[in-house]
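The values are calculated or read from the model by the stated rules, or taken from the named source; none is laboratory data. Since we're looking at a predicted model, the values are computed, not measured. Here the Cβ positions follow ideal geometry from the backbone for every residue, glycine too, while neighbour counts run over all protein chains shown. SASA here: full protein model, heavy atoms, side chains in, ligands and nucleic acids out. Shrake-Rupley method; radii C 1.70, N 1.55, O 1.52, S 1.80 Å.
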Amino acid sequence: MTAVEANFDGIIGPTHNYGGLSFGNMASDRNRGAASAPRAAVLEGLKKAKTLADAGLLQGVLPPQERPDTGFLRRAGFSGSDAQVLEAAAKSAPVLLRNVYSASPMWAANAATVSPSADTADGRLHLTPANLITTLHRSIEGPATERALSRIFTGDRFAVHPPLPPQSTFADEGAANHVRLCAQHGGPGVEIFVYGREASETWTGRFPARQTREACEAVARAHGLDPKRCVFIRQGQAAIDAGAFHNDVVCVGTLTTLFFHELAFEDKTGAMAAIRAAAEGLFEPVFVEVPENEVPIADAISSYLFNSQLLAMPGADRLMLNAPVETEETPSTQAYCCRMTSGNGPIGTVNYVDVRQSMRNGGGPACLRLRVVLTPEEAQAVNPACLLTDEIYSALCKWAEQHYRDTLSVEDLADPALMQESRQALDALTGLLGLGSDFYPFQRR
Ligand code: SUG
């Protein structure tokens, strides 16, 4: 067995709701205040993961984080019992309450940046949790992500770093702004880091640029990457202004193929030349560029064509795009996919997957997974309870049926019972995933 690219999907947490918390993320903004369906959401995500596991890909899961984060409310000045803290926040700071209730850790592409051992100076697999400092609700995630990754990727083969310093200079959103190209997953690759701004510039864009060049460089340094095999590319201002709050909203790549929208990069020609130069001697990159006149950027963003998983499926000679159903429902992207697969390019199949609950918050199939290239020895060292087998899948579905609500509105966040239900669910989950009975903060109090 050679190295494989595993997908670790974020399990959607029991408090999944539409808080409208992400400025610059069109879907989050559009659905602010709508009722969510947490149980349907978690089952959609698990089904997507299980389908890929059944097709022969290595598939893992990442746990949700504790929400509501009452510890954060305490740091913001609330006191008393947890129920009192929540009640007071519901009355005097309802927006803050929404922030500490967000199930945003489900978007595992933002959990960390991952460099496979084939790329790093010390031969270990490196993971740096994202600090996600641009949005309040996501800035809470980094330390808990570090804890989760340390319980899943255990032992000397893995280096789990702390998140970068939580400051605007190092604004980091993890793998959503990182693409790795290579000839084979287990061989050396080219790591492409895409940033929206440099720390020193005055940002005048319509929406925030969530990733800095400085953050990308810090991660590349910490992981011990070969500078010759790293490329730092500036995201297109037009793409950010149109709602591409992460590069993975307009670009995805795997093996030698980079699939991207014409407006994804500020200097497309320079970007392609830099990737070609970094790949010299390893492989010839294959660029699949989708022109604006075939798929307008607004359609790319509303359909999430590029927020798809680009996968080498066992036994297939061309790649498969695991795309959201919204791509099939949008005429321009549907037509593009038909033309693309009937041609002889590297992407031969498009599979449409229903993750609508996550999509309504701006999270497509690619947002929900963190890719981790694992050698056979590394795969052996991963906490086995976090790898999706038939048994774990059935146990997780049963768990979700038992613990999740059918619907949740933003008003329901004031209900103290929701905190208790979430804690019961998460407590049970630590048993299922072998995370230990001290994994969540509420379990340690
Ligand atoms: O960071 N949405 C997430 C979506 C993340 C998608 N991830 C990738 N593209 N990789 C975000 O904007 C919305 C939460 C709310 O509004 O309730 C939210 O956080």
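For this structure, a couple of remarks:
- Selection status of Pro64, of a type outside the set (Ser, Thr, Tyr), crowded, with 19+ Cβ neighbours inside 10 Å and in contact with a Gly (Cβ under 6 Å, 6 or more places away or on another chain): yes
- Scope segment 15-26; condition crowded, with 21+ Cβ neighbours inside 10 Å and near the ligand (Cβ under 8 Å from one of its atoms); matching residues: Asn17, Tyr18, Gly19, Leu21, Ser22, Gly24, Asn25
- The requirement of being among the small types (Gly, Ala, Ser), within 16 Å of the ligand (Cβ to nearest atom) and either at positive phi or touching an Asp or Glu at 6+ places or on another chain (Cβ under 8 Å) (or both) is not satisfied by Ala199.
- Residue within segment 358-373 that is under 24 Å from His178 (Cα atoms) and more than 16 Å from the ligand (Cβ to nearest atom) present: yes
- Among (1) touching a residue at least 60 places away in the same chain (Cβ under 8 Å); (2) over 22 Å from the mean Cα position of the chain (by Cα) - the single one Asn177 does not satisfy: (2)
- Boolean, Asn7 is within 12 Å of the ligand (Cβ to nearest atom) and at pLDDT 95 or above: no
- Of the helices (runs of 4 or more DSSP H) lying entirely inside segment 299-370, those containing at least 2 residues that are over 26 Å from Ala103 (Cα atoms) and polar (S, T, N, Q) span 331-342.
- From the list Arg75, Arg32, the lone residue that is open to solvent by 10 Å² or more (accessible area, probe 1.4 Å), at negative phi and near the ligand (Cβ under 10 Å from one of its atoms) is Arg32.
- Qualifying residue in segment 298-306 (condition: modelled with pLDDT of 95 or more, open to solvent by 40 Å² or more (accessible area, probe 1.4 Å), more than 18 Å from Ala27 (Cβ to Cβ) and not β-branched (Val, Ile, Thr)): no
- Residue ranges of helices (runs of 4 or more DSSP H) in segment 123-228 with at least 3 members more than 28 Å from Asn99 (Cβ to Cβ) and out of contact with any Lys or Arg (no Cβ under 8 Å at 6 or more places or on another chain): 213-222
- With respect to (1) within 14 Å of Leu21 (Cβ to Cβ); (2) open to solvent by less than 10 Å² (accessible area, probe 1.4 Å), the lone exception for Pro105 is condition (2).
- Filter result (in contact with a Ser or Thr (Cβ under 9 Å, 6 or more places away or on another chain) and either more than 16 Å from the ligand (Cβ to nearest atom) or open to solvent by less than 10 Å² (accessible area, probe 1.4 Å) (or both)) within segment 147-165: Arg157, Phe158, Ala159, Val160, His161, Pro162, Leu164
- Set Ala222, Ala239, Ala244: member being touching a Leu at 6+ places or on another chain (Cβ under 7 Å) and either in contact (Cβ under 8 Å) with a residue 60 or more places away in the chain or of a type outside the set (Asp, Glu) (or both): Ala239
- Residues in segment 395-445 that are basic (Lys, Arg) and part of a helix (DSSP H, G or I) were compared, and the one that is surrounded by the most Cβ atoms within 10 Å (Cβ to Cβ) is Arg423.
- Tally, over segment 166-192, of residues that are of a type outside the set (Gly, Ala, Ser), more than 16 Å from the ligand (Cβ to nearest atom) and crowded, with 24+ Cβ neighbours inside 10 Å: 3
- Pairs where the first residue, in segment 46-74, is under 18 Å from Gln420 (Cβ atoms) and the second is aromatic (Phe, Trp, Tyr) and open to solvent by 10 Å² or more (accessible area, probe 1.4 Å), C-beta under 7 Å, 6+ apart: Glu66/Phe442
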